[in-house]
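The values are calculated or read from the model by the stated rules, or taken from the named source; none is laboratory data. Because the structure is a prediction, the values reported are computed rather than measured. Using ideal geometry, Cβ is built from the backbone for each residue, glycine included, and neighbour counts are taken over all protein chains shown.
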Amino acid sequence: MFSFRKKDERKKPILRKSIPALIVNKNWHDLFIGKKPSTIQHTEKKLETLVKKYSQVKQELKEYESLKKQLMEGIIADMDNISDETTEKLDKKMNTNTNLIQDLNMRMEKTQDDLLDLPALIDECNKELIFRTAEVFYPKLMDNVQEYHQQLTEIETLKRQLRKRLERKVDLEEENDAIYHKLHQVLGADILDQLDEYFIGAQGSRKAYDLKGQINQDTDSVFLSEENPESEN
């Protein structure tokens, strides 16, 4: 029989395969009936935060790239339109745009670093959630296995007890049948009818002690025809 022992987390295996975030998997949510355990909620919240941040950072980078493109196009357009009259004004505008681009470059570099780091952090947190989930459900699996075997043992015990009772039932049926037939042979039908009326009553009949004819025998035969479970072990 299987048994569950709490494992040393220092020895837990390194999950080599990565899977999509559990929090977007409906089947994972369906595992839990009612409120999730606090350990699951804590890790789930952490993972949700990381996934949300990853989406935000991707959107920020997209916006930075779009803004930088607009600024670069503006600078190129201004250079094509430069003249003596507009040089000072355009130089000021180009300097402003150049500063904005430099600021965007710094922001984009930080955002790109985040985009490189976040997938690994999400994967690490997701694998932590996998282990927390396993901590909840592996004991349940093992408890079910243990109870299952207990139920099997009880069922076999009940089957043996029922078999004995059915065998005794058959013995009583055959004993009554044998007694009646011997009385019939010894006393004859007339005397036996009189005795039936005296001991059983005027409304009574042989059915009162004819046990074989009272209950359907199909169910009995199923159990009595089975091999003795003990002989299988």
Residue list for the range 9-53, filter: under 20 Å from Leu115 (Cβ atoms) and in a helix (DSSP H, G or I): Ile23, Val24, Lys46, Leu47, Glu48, Thr49, Leu50, Val51, Lys52, Lys53
Criterion: in a helix (DSSP H, G or I) and loosely packed, with under 14 Cβ neighbours inside 10 Å - qualifying residue of Lys68, Lys89: Lys89
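Filtering the range 130-160 down to residues that are charged (D, E, K, R) and touching a residue at least 12 places away in the same chain (Cβ under 8 Å), which residue is surrounded by the most Cβ atoms within 10 Å (Cβ to Cβ)?
First pass over the range 130-160, keeping only residues charged (D, E, K, R): 132, 135, 140, 143, 147, 154, 156, 159-160.
From what is left, the residues that are touching a residue at least 12 places away in the same chain (Cβ under 8 Å) are 132, 135, 143, 156, 159-160.
On the way: Arg132: 18, Glu135: 15, Asp143: 11, Glu156: 14, Lys159: 14, Arg160: 13.
The residue in question is Arg132.
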Residue among Asp210, Asp177, Asp196 that alone is surrounded by 13 or more Cβ atoms within 10 Å (Cβ to Cβ), outside the structural domain of Glu48 (by TED's automatic domain parsing), at pLDDT 90 or above and not hydrophobic (A, V, I, L, M, F, W, C): Asp177
Candidates Leu121, Leu104, Leu115 - the one that is assigned to a helix (DSSP H, G or I) and in contact with a Phe, Trp or Tyr (Cβ under 6 Å, 6 or more places away or on another chain): Leu104
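Does the range 104-116 include one or more residues that are of a type in the set (Asp, Glu) and over 30 Å from His29 (Cα atoms)?
yes
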Any hit, the range 72-79, residues being aliphatic (A, V, I, L, M), within 30 Å of Ala21 (Cα to Cα) and either in the same structural domain as Ala21 (by TED's automatic domain parsing) or not in a loop (DSSP other than H, G, I, E, B) (or both): no
